[in-house]
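The values are calculated or read from the model by the stated rules, or taken from the named source; none is laboratory data. Note that the coordinates shown come from a computational prediction; the quantities given were computed from them, not determined experimentally. Please note: Cβ atoms are built from the backbone with ideal geometry, for glycine as well, and neighbour counts cover all protein chains shown. The accessibility values were calculated without ligands, DNA or RNA, using every heavy atom of the protein model including side chains. Shrake-Rupley method; radii C 1.70, N 1.55, O 1.52, S 1.80 Å.
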Amino acid sequence: MGGKGYTLLQKAQRSFVFVYKIQAKYNRLYTPDLDIEVQATEDNRKFISLPPLPYAIFLVVLSMYRLNSIGQARVLLDDLLVVRSDEVYGVRNYPILHNLVGICHQLLGNTRQAIMSFEDSCRQLPDNRAAASRITELRRHQREEQGDTDIDALDYCNVPCRYERYELLDDDDDRLHYHKVMYNTDRRFC
């Protein structure tokens, strides 16, 4: 837009962009890397709000990765990390950015950083099923690489849970007791 003779008002009108919203039922124009996030919101009839600048950087990281320009993808991932802490485009307003960063780390082979990003997402949004399922898959993949024979063992670390109150049938004890109820990514209690 620079050097073309446009006025400041014309430049502002042409460069103003809205938040990109993805809903599985109405908007199918998104990268397949976001399938898990979109499917997780499909049940709740919600949509994913993606700020334009971080989403553009995310798409460029994916493009560079697919073009086998791993070094350039890592540099752009650093840009995405900087934007993640921005006041306007940051995670305070858009918690999905943790997932975008986690997906980029996962593609680039940084499993530990990917898990940390998805855990940050779960901390900010405790009912984030997409991040929880990605954590489960990444940990399963880590155990497979380490040669762990019990791959299907339940990992209790950072499993979303809630505490339920119960009373003992014994009348001698009047105290209330609590137990931890955990659920998997399908939100079914076990």
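Numbers for the structure displayed
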| quantity | calculated |
| --- | --- |
| Charge dipole of segment 21-86 about the Cα centre (unit charges at C-beta), most positive-ward option of I57, Y30, G71 | Y30 |
| Check: segment 54-148 dipole with +1 on Lys, Arg Cβ and -1 on Asp, Glu Cβ, in debye | 140 debye |
| Heavy-atom accessible area per residue - segment 45-126, 1.4 Å, Å² | 51 Å² |
